[in-house]
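A short reminder: the numbers here are calculations on the coordinates, not readings from a lab. Just so we're clear, the structure is a prediction, and the values are computed from it rather than from any experiment. Neighbour counts run over all protein chains shown; Cβ positions are idealised from the backbone, glycine included.
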Amino acid sequence: MNHASSQLSATEIAVTRGGRSIFSQLSFSLTAGELLAVTGANGAGKSTLLRAVAGLLPLAAGSLRFQGGSEVGGPIGESLHYFGHLDGLKSSLTVRDNLALWARIAGRSGLSGIEALEAVELDHLDDMPAGYLSAGQRRRASLARLLVVRRPIWLLDEPTSALDARAEATFGTLLADHLKSGGLALAATHRPLPVAATASLTLGAA
Amino acid sequence: MTGFFFGLIGRTVRLSLGAGGGAFVGLIFFLSVVAVVPFGVGPDMKLLARIGPAMLWIAALLATLLGLDRLFQDDRDDGSLDQFVLSGLPLELVVLAKAIGHWLATGLPLVIGAPVFGLILGLDATAIGLVTLTLLIGTPALIFIGAIGAALITALRRGGLLVAVLVLPFTIPVLIFGVSTITAVTTTGMPVLPPMLILMALTLASAVIGPVAGAAALRAGMD
């Protein structure tokens, strides 16, 4: 992978929701292989920041830029994976079928569906309807989505919630691999991450 | 990217046909409305045959509108909609794919069931053929128009009947030209081509306007 020169930078971004300013004058910059930990109290705007970076919420001010190394142009949304509280799994479809759709999104293809499920240790449940999975298993099934299509930016919202110690270690390995191969990641979290963050950003401190 | 488009159509069909999908509820509702009409108007076969095509169309219209409220709401509730936005497929095409999938799962069964229900109402072969043909041409228009309403209420917690109330007025032209195509042959003796061409035009126009307006409504509701 060649993301050596990839860089994500936010310049004085601000987000307003329902007429209330969530944060403003926020700037950060991330280069390949870096993990930014976003911390802050409940309601400080961690999820809002990640959704704004993903382009799911409009920016009230400021700008976001992503220079993706060899990959040229394209909207920032096509360069990132958003891993949020909602897992996007359909209860009546099997784990494999759920994942099959997400393997077809834009981006360089990564692992095959079954390999991705092996990586999150769910391959034995691949023909189980997603409705029967536990909270932690749903989370891991959702994590497999990040592996079937390679995108340089991972936006992780409370990535380790509902995961047991073993799954958290697995997640740590996957995240470390992603960073090592030139990816970058933003993680909003309350708990220490399994991979040491290279920088941190505390919201609500100002 | 076309892979995602067709994958989304397939997933919509499977979810709709699967457990709790509600594809068959529309068909059963269609049957119930049609079956109740003869009880209401009495055993006058002539009258039934005359109002039959219109009843079939109205029943199909209501059955279509009933199934629309969850079209985007489920995807919003479970986070799929966020992933659609980030998929790289333009949101307009996401709406188009969802609408096509929804038509295949809920509209097409109505078209296939229409000949059977035409028999219940005592229609003759010509009228049955025309009802089926006009429903085949017209039901996509109902769903494309309905998709706009479904996208509008996505941000609301409880859409329910609101979609039907919102969308119903805009589907009246489709109903008028659908039914007048049939009556042109069976009763009035007017030329059949003009109303049928207008019906086709309505379907084609709504196939463009529906996805564009639906995508705009989804974007507006994203906050």
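Worth a mention:
- Calculated [θ] (222 nm, deg cm²/dmol) that DSSP helices of n ≥ 4 give over chain A, each run adding -39,500 (n - 2.57): -8000 deg cm²/dmol
- Cα shape, chain B, gyration tensor, a/c 1.5 rule: prolate
- Reachable aspartates and glutamates from B:LYS46, criterion Cα separation under 20 angstrom, eight or more residues apart if same chain: B:ASP124
- Contact order normalised by residue count of the range A:7-202, Cα under 8 Å, 6+ apart, percent: 29
- Within the same chain, lysines fewer than 8 places from A:LYS46 are excluded, and of the rest, none has a Cα less than 24 Å from its Cα.
- Fluctuation leader among B:PRO43, B:PRO53, B:PRO173 - chain B, Gaussian network, Cα springs under 10 angstrom: B:PRO43
- When the Gaussian network model of chain B links Cα atoms closer than 10 Å, the mean-square fluctuations of B:LEU91, B:LEU161, B:LEU135 top out at B:LEU161.
- Taking A:ALA52, A:ALA60, A:ALA188 in turn, the Gaussian network model of chain A (Cα-Cα springs below 10 Å) assigns the largest fluctuation to A:ALA60.
- In terms of its C-alpha gyration tensor, the range A:1-115 has an oblate overall shape, because the principal axis ratio a/c (a ≥ b ≥ c, square roots of the eigenvalues) is not below 1.5 and a/b does not outweigh b/c.
- In units of the compact-protein estimate 2.2 N^0.38 Å, the range A:48-163 shows a Cα radius of gyration of 1.12.
- Bridge type composition, the protein assembly as shown - antiparallel percent by DSSP, nearest 5: 50
- Membrane-span-like helices in chain B (whole DSSP H runs, Cα extent of at least 18 Å along the helix axis, mean Kyte-Doolittle hydropathy of at least 1.6): B:23-41, B:45-66, B:108-120, B:125-152, B:161-183, B:193-220.
- Prolate/oblate/rounded label for the range B:11-118 (Cα gyration tensor, a/c 1.5): prolate
- Charge tally in the Cβ shell below 15 Å around A:LEU147, where Lys, Arg are +1 and Asp, Glu are -1, A:LEU147 excluded: +2
- Check: the range A:8-79 dipole with +1 on Lys, Arg Cβ and -1 on Asp, Glu Cβ, in debye: 340
- Of all lysines in the structure, the ones whose alpha carbon falls short of 16 Å from that of A:LYS90, not counting any fewer than 8 places away in one chain, are B:LYS98.
- Mean separation of Cα contacts under 8 Å (6+ apart) over length of the range B:2-220, as relative contact order %: 27
- The slack between B:ARG157 and B:ASP77, meaning 0.36 nm per residue of separation minus the straight C-alpha distance, is 27.9 nm.
- Zone of A:ALA135's modelled label, taken as backbone nitrogen in the range A:155-171 under 20 Å from a point 7 Å along Cα→Cβ: A:156-171
- Antiparallel beta bridges, as assigned by DSSP with both residues in the range A:7-202, represent about 50 percent of the total such bridges.
- Taking Cα centre as origin and charging only the Cβ of basic (Lys, Arg, +1) and acidic (Asp, Glu, -1) residues, the dipole magnitude of chain B rounds to 160 debye.
- Look at the alpha carbon pairs under 8 Å that are at least 6 residues apart: their mean separation over the length of the range B:130-198 gives a relative contact order of 34 percent.
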